[in-house]
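> I'd like to ask you about the structure that follows.
The values are calculated or read from the model by the stated rules, or taken from the named source; none is laboratory data. Remember, predicted model here, so these are calculated numbers, not experimental data. Note: ideal-geometry Cβ built from the backbone for every residue, glycine included; neighbour counts use all protein chains shown. The accessibility values were calculated without ligands, DNA or RNA, using every heavy atom of the protein model including side chains. Shrake-Rupley method; radii C 1.70, N 1.55, O 1.52, S 1.80 Å.
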Amino acid sequence: ILQLYTPLNYFGTYYRLIQKAFIDMENMFDLLDEDREVKDEVNAPSLRVIKGDIEFKDVCFHYTAERPILKNISFIVPQGKTVALVGPSGSGKTTIIRLLFRFYDICSGEITIDGQNIAKVTQKSLRKHIGVVPQDTVLFNSDIRYNIRYGRVSATDEEVEAAAKGSDIHSRILDFPDGYKTVVGERGLKLSGGEKQRVAIARTLLKAPEIVLLDEATSALDTKTERHIQDSLTKVCTNKTTIIVAHRLSTIIHADEILVIREGEIIERGRHEELLKLNGSYSEMWHQQIQKRGHTSESDNSTLET
Ligand code: ATP
């Protein structure tokens, strides 16, 4: 029994460690605080956000020197507008939003917010202005109220509940055995993918940042849930400068600009209708998805990626 127990115990410990490390992007930085490469410059000023304009200028990036990931990426997201990133898996979409959060420093080029180079301001001030809805939100082993309040720890109970209403999870929480006191996460009530996403949206509503980064989940949700999530996402992005990594068509149609990324380069850019007229990669992805939808049931959720 002992022989069996030890490895299992190790596994449990590592599993918890790993899970902890991925609570979400923001928390990950805190946990890795000691040995992370990205450092603030001495006497770095705070980022001052007046509007929330984002600009990527000729950004190049690689994780390891032998393999460039992003090549001369340039785009602007004006205040309150939405830019969508689409393209095959591994093309560099998530990397772009990680760079804006300054998870890594870039190799050349510049990323600015309201004209300030993000590498020259404190990371703390940068992250204060950016809300992230990650692909998969891992919850703390604590009650649901704590999990939502994580978006802004000073929020009152009323504000937490307002955010839960805004992300369409309030009535669901009232159905939980202990309402807002219900413990969720690994040792508590397990939430579905859609519910976890709504917790992330509620956190972002509470944080009320000027900039929102959405990394859409690739996992399939049923059509009704997807529609609800879509409504909440629209709410969280209203009047915010938004970058969204999109896997589903429904998310992209109204974006102010769509960037089609392939192997770290922007190969097409424009609004949905413009890209369709181009008859290029985007149009191909679009028709593929329409076809998939046409051949399968209503609840099918094929993604843009192939
Ligand atoms: P997906 O749609 O599947 O999420 P993506 O377009 O968002 O893909 P990225 O996650 O940005 O792609 O990854 C781009 C490339 O960088 C991939 O080839 C990936 O293997 C590589 N990569 C991502 N993270 C790291 C890392 N931490 N270290 C080394 N390489 C990485």
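> Pick out the one residue from Val212, Val132 that is more than 16 Å from the ligand (Cβ to nearest atom) and modelled with pLDDT of 90 or more.
Values: Val132 fails: more than 16 Å from the ligand (Cβ to nearest atom).
Only one candidate qualifies: Val212.
> Still on this model: Got a sec? Which strands (runs of 3 or more DSSP E) wholly within the stretch 235-298 have at least 1 residues that are of a type in the set (Lys, Arg)?
On the way: elements: 241-245, 257-262, 265-270.
Answer list for the stretch 235-298: 257-262, 265-270.
> Tally the residues that are open to solvent by 10 Å² or more (accessible area, probe 1.4 Å), more than 16 Å from the ligand (Cβ to nearest atom) and either under 25 Å from Thr95 (Cα atoms) or touching a helix residue (DSSP H, G or I) at 6+ places or on another chain (Cβ under 7 Å) (or both), restricting the search to the stretch 215-232.
4
> Could you grab me the full set of residues in the stretch 82-94 that are open to solvent by 10 Å² or more (accessible area, probe 1.4 Å) and either more than 13 Å from the ligand (Cβ to nearest atom) or hydroxyl-bearing (Ser, Thr, Tyr) (or both)?
Thr82, Ser89, Thr94
> Quick check on my filter: what residues within the stretch 41-81 are more than 9 Å from the ligand (Cβ to nearest atom), within 23 Å of Ala217 (Cα to Cα) and surrounded by fewer than 21 Cβ atoms within 10 Å (Cβ to Cβ)?
Of everything in the stretch 41-81, those that are more than 9 Å from the ligand (Cβ to nearest atom), within 23 Å of Ala217 (Cα to Cα) and surrounded by fewer than 21 Cβ atoms within 10 Å (Cβ to Cβ) turn out to be Gly80, Lys81.
> I'm checking my understanding of the structure. Among residues of the stretch 133-172 that are outside any loop (DSSP other than H, G, I, E, B) and under 13 Å from Gly194 (Cα atoms), which one is most open to solvent (accessible area, probe 1.4 Å)?
As a first pass, look at the stretch 133-172 and keep what is outside any loop (DSSP other than H, G, I, E, B): 133, 143-149, 157-166, 170-172.
Filter again for under 13 Å from Gly194 (Cα atoms), leaving 133, 172.
Working: Val133: 4, Arg172: 99 Å².
Looking at the filtered set, the residue picked out is Arg172.
> Being away from the ligand (no atom under 16 Å from the Cβ), assigned to a loop (DSSP other than H, G, I, E, B) and open to solvent by less than 10 Å² (accessible area, probe 1.4 Å) is the requirement here; does Ala119 meet it? Walk me through it before giving the result.
Details: away from the ligand (no atom under 16 Å from the Cβ): yes; assigned to a loop (DSSP other than H, G, I, E, B): yes; open to solvent by less than 10 Å² (accessible area, probe 1.4 Å): no.
It is false that Ala119 is away from the ligand (no atom under 16 Å from the Cβ), assigned to a loop (DSSP other than H, G, I, E, B) and open to solvent by less than 10 Å² (accessible area, probe 1.4 Å).
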